[in-house]
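The values are calculated or read from the model by the stated rules, or taken from the named source; none is laboratory data. All of these numbers come straight from a predicted model, not from anything done at the bench. FYI the Cβ positions are ideal-geometry reconstructions off the backbone, even for glycines, and counts take in every protein chain you see. With ligands, DNA and RNA removed, areas are computed over all heavy atoms of the protein, side chains included. Shrake-Rupley method; radii C 1.70, N 1.55, O 1.52, S 1.80 Å.
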Amino acid sequence: MNIFPAIDLCNKKVVRLTQGNYNIIDIYSEHPKKVATKFYNDGARHLHVVDLDGAKEGQLVNFDAIKNICSINELFIEVGGGIRNEQTIEKYISIGVSRVILGTIAVKKLDFVKKVAKRFKDKIAVSVDAIDGLVATNGWKEISNLPSYDFCIELRDIGIKNIIYTDISKDGELSGTNLEIYKKLVTIDRIKITASGGVSYIEEIARLKEIGVDSVIVGKAIYEGVLNLKDIIKFEKEC
């Protein structure tokens, strides 16, 4: 299993939202690269980065900060937030991003996702963010009528191999993740599932690994000191 500490960027700062609410924001650092470097020094070799401004506005906003993070060698970096065209995908890959995450565009233009999945293959992932089992878009501000589980199957059928699934109701709450949905999602063949949202206990990580989840994103629990990244990585390797 891969452990992805998360860096969410808003106005070039490292922040965390609660349930995707831009009005409930905690600022943790004004130096994203320093945070990424600390994660690397703590043993992380994977990093999840989201341009929150980009997700809301549908365009690149924190590109320079992300480019700076990408100068850290030996990190597998996945980036999402506001990626709506091939030019943006190309731009991120050109600076060393290992995998580009599509969100809103996947709901609104499935043919585009099919096209870029064929072209970029494993460098494309899709973020499926859900509340009450329905897919949310536009920085989690809009709720569709699309069932999230069915959407994951549809993504698999057009060639997507990596899905990052977030239960928005759990995100930033430090109350645990939605284990039941991941038990269901891992039954979809030919898809690697990344669990995101609310992971707060080291026992959860062991359980997610046991049920077959490929990767786990850990955010607020690290920043708030609920979980220690060094301990997580050591524990994951041993369990």
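Determine the share of the chain's accessible area contributed by carbon and sulfur atoms, expressed in whole percent, with a 1.4 angstrom probe.
Details: 4890 of 10690 Å².
Summing carbon and sulfur atoms, their accessible area is 46 percent of the total for the chain.
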Heavy-atom SASA rank of H31, H48 (probe 1.4 Å, accessible area, largest first) | H31, H48
Per-residue HN-Hα couplings for the stretch 109-125 [Karplus 6.51, -1.76, 1.60; θ = phi - 60°; Hz; x = Gly/Pro] | 9, 5, 5, 5, 4, 4, 5, 6, 5, 5, 7, 9, 6, 5, 7, 10, 10
Percent relative contact order of the stretch 110-212, based on C-alpha pairs within less than 8 angstrom and at least six residues apart?
-> 24
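Taking a cut-off of 16 Å, what percent of all Cα-Cα pairs in the stretch 69-164 are separated by more than that?
On the way: 2396 of 4560 pairs.
So the pairs more than 16 Å apart make up 53 percent of the total in the stretch 69-164.
Place a +1 charge on the Cβ of each Lys and Arg in the stretch 1-136 and a -1 charge on the Cβ of each Asp and Glu, then give the dipole magnitude about the Cα centre in debye, rounded to the nearest 20. Walk me through the numbers on the way to the answer.
Working: 20 positive and 16 negative charges, 89 e Å.
In total the dipole reaches around 420 debye.
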Residue (of G43, H31, M1) at the positive-pole extreme of the stretch 1-68, dipole from beta-carbon charges = G43
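Per residue, how many Å² of accessible area does the stretch 149-218 show with a 1.4 Å probe? Could you put the intermediate results ahead of the total?
Numbers: 2740 Å² over 70 residues.
On a per-residue basis, 39 Å².
Which of K13/K121; K33/K237; K121/K234; K184/K209; K114/K161; K12/K67 have a Cα-Cα distance over 20 Å?
Numbers: K13/K121 31 Å; K33/K237 26 Å; K121/K234 31 Å; K184/K209 14 Å; K114/K161 11 Å; K12/K67 12 Å.
Distance filter (> 20 Å) returns K13/K121; K33/K237; K121/K234.
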What does the charge dipole of the chain about its Cα centre add up to, to the nearest 20 debye, if the Cβ of each Lys and Arg holds +1 and the Cβ of each Asp and Glu holds -1?
-> 780
Taking a 1.4 Å probe, which of S98, S200 shows the most accessible area, and what order do the others take after it?
-> S98, S200
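Sorting R45, R16, R156 by accessible area (1.4 Å probe), largest first, what list results?
On the way: R45 95, R16 20, R156 40 Å².
Sorted descending by solvent-accessible area, the residues read R45, R156, R16.
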Would you check the accessible area of Y40, probe 1.4 Å, heavy atoms only, in square angstrom rounded to 10?
-> 50
